[in-house]
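Shown next, in structure tokens, is the structure this report addresses.
The values are calculated or read from the model by the stated rules, or taken from the named source; none is laboratory data. The structure displayed is predicted, hence computed values, not measured ones. Counting neighbours? That spans all protein chains shown, and the Cβs are built from the backbone with ideal geometry, glycine included. What goes into the accessible areas is simple: the full protein's heavy atoms, side chains included, and nothing from ligands, DNA or RNA. Shrake-Rupley method; radii C 1.70, N 1.55, O 1.52, S 1.80 Å.
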Amino acid sequence: MASKKFNYQEKYEFLETIVGELQLSSLSLDDSIEKYEKAVRLIKELEDYLKYTKNRVIEIKKSYK
């Protein structure tokens, strides 16, 4: 079974969920570290996508000048 590819909005919502969970004091240190690592990866993916999208918009604008 192929893994589901998440879109930007889904990744952002997942990141918000992780941040909310990290704000809870009931997580163990190990769980907190694991969630923090996931959050850092998601932030990198979201930043990369935004950079890609920005460059795409710039290229589209150039093609219509």
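Structure values in brief
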{"read-out": "Nearest-ten-degree value, helix 29-63 long axis tilted from longest Cα axis of the chain", "value": "10 degrees"}
{"read-out": "Spacing of the two label points (7 Å from each Cα toward its C-beta) at Tyr12 and Ser25, in nm", "value": "3.2 nm"}
{"read-out": "Dipole in debye (nearest 20) - the chain, about Cα centre, beta carbon charges: Lys, Arg +1; Asp, Glu -1", "value": "760 debye"}
{"read-out": "Most fluctuating residue given options Ile43, Ile33, Ile18, as computed from a GNM of the chain linking Cα atoms under 10 Å", "value": "Ile33"}
{"read-out": "Å² of accessible area per residue within the chain, as computed with a 1.4 Å probe and no ligands counted", "value": "91 Å²"}
{"read-out": "Accessible carbon and sulfur surface of the chain relative to its total accessible area, %, 1.4 Å", "value": "57 percent"}
